[in-house]
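Here the structure is laid out as structure tokens; the discussion comes afterwards.
The values are calculated or read from the model by the stated rules, or taken from the named source; none is laboratory data. As the structure is a prediction and not an experimental result, all values here were calculated from the model. FYI the Cβ positions are ideal-geometry reconstructions off the backbone, even for glycines, and counts take in every protein chain you see. Surface areas here come from the heavy atoms of the whole protein model, side chains and all, with no ligands, DNA or RNA. Shrake-Rupley method; radii C 1.70, N 1.55, O 1.52, S 1.80 Å.
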Amino acid sequence: MPELPEVETVRRGLAEHVVGNKFKEITVLHRRATSPKSIAALASLKGARVTEVARRGKFLWFKLDRPEVLVGHLGMSGQFLIQPRSAPDERHLRVKISLGKLDLRFIDQRTFGWLGVDETRDGLPTYVKDIAADPFDSQFNLDETIERFKKKKTEIKRALLDQGVMSGVGNIYADEALWRSKIHPESRTETMKVSRIKELIENASSVMSEALSVGGTSFDDLYINVNGESGYFERSLAVYGQEGEGCPRCGREIRRIKFANRSSHFCPKCQPTPRASRNR
Ligand SMILES: [Zn+2]
């Protein structure tokens, strides 16, 4: 699933190719491609010119020369591709937006991604009103973010994945940030020192910026940038998807456990089990 570095890579590609262009024709090819919360049909944006491509966490939106915005979420497998108009339709093509010589195409194999027309309040689409700033956002406030982590009173990984606490982090970068911080995913936020939470946020931020610098992580081959190219960060993953491999820090075998309907990967030596869950 695309996380902040992947979505930001896509945003940059879109900004480069789409800003200044007009949506000349909008064709929706799958009903699930339009968000149920969309305030209008996607095709109603025909004729709008794109002025900027913005992002918060994993949400993208196209600012237009009108009050509405076009918001997008890649879900599990969504892709935005810039293609020549003459390119044949992709197998999982869901929305085709003609920009003239080029198309902006939304492709989504698993159909959890979507596009939606939205209005903005204080400069942000209503879709993201409950989404906290991500660490790359100019509105990001470290102290307030730490406070939200503390207030959650839950396992640290659950808080790290909670987009209302801090956005942008998904399963891959959560596991990597926890490993870098030597924190077990099931450690409780309320027993954690402020300095440890701060360190974790800093590590999440640095692992995501390292990933961004190489175009993100294309672990399951579903994530690609707008030109169809993969990112290279999976080569640098320490724990995610590395079950049975040696920990890059201590050599102990990386373990995988079920957590919140997903997998958590961690080093049992560097990230010892917290006391509360040891007796379970
Ligand atoms: Zn280790």
Taking segment 215-252 and the residues there that are aromatic (Phe, Trp, Tyr) and in contact with a helix residue (DSSP H, G or I) (Cβ under 7 Å, 6 or more places away or on another chain), the one that is farthest from the ligand (Cβ to nearest atom) would be 223
Go through (1) open to solvent by 80 Å² or more (accessible area, probe 1.4 Å); (2) within 29 Å of residue 148 (Cβ to Cβ); (3) more than 16 Å from the ligand (Cβ to nearest atom) for residue 255 and report which single condition fails. (3)
Hey, can you tell me all the residues within segment 1-37 that are at negative phi and among the small types (Gly, Ala, Ser)? 13, 15, 33, 35
Could you list, in sequence order, all residues of segment 213-236 that are modelled with pLDDT of 90 or more and touching a Phe, Trp or Tyr at 6+ places or on another chain (Cβ under 8 Å)? 214, 215, 216, 217, 226, 230, 231, 234
Mind checking whether some residue in segment 173-181 is in contact with an Asp or Glu (Cβ under 8 Å, 6 or more places away or on another chain) and closer than 14 Å to residue 8 by Cβ? yes
Sole miss for residue 270 among (1) open to solvent by 70 Å² or more (accessible area, probe 1.4 Å); (2) near the ligand (Cβ under 9 Å from one of its atoms); (3) of a type outside the set (A, V, I, L, M) is condition (1)
Answer yes if at least one residue in segment 117-124 is modelled with pLDDT under 95 and either part of a helix (DSSP H, G or I) or at positive phi (or both), and no otherwise. yes
Which pairs turn up if I take residues in segment 225-241 that are in the same structural domain as residue 180 (by TED's automatic domain parsing) and farther than 18 Å from residue 268 by Cβ and look for partners that are open to solvent by less than 30 Å² (accessible area, probe 1.4 Å) and of a type in the set (S, T, N, Q) with beta carbon separation below 6 Å, at least 6 apart in sequence or on another chain? 225/9; 230/218; 231/217; 231/218; 233/217; 234/217
Which is out of contact with any Lys or Arg (no Cβ under 7 Å at 6 or more places or on another chain), of a type in the set (D, E, K, R) and closer than 26 Å to residue 215 by Cα, of 12, 55, 32? 12
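Residues of segment 50-78 being in contact with an Asp or Glu (Cβ under 7 Å, 6 or more places away or on another chain) and under 16 Å from residue 114 (Cα atoms), which ones?
If the condition is that a residue be in contact with an Asp or Glu (Cβ under 7 Å, 6 or more places away or on another chain) and under 16 Å from residue 114 (Cα atoms), then 55, 56, 57, 58, 69, 71, 75, 77, 78 are the ones that fit.
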Single unsatisfied condition, residue 192 versus (1) more than 16 Å from the ligand (Cβ to nearest atom); (2) under 30 Å from residue 11 (Cα atoms): (2)
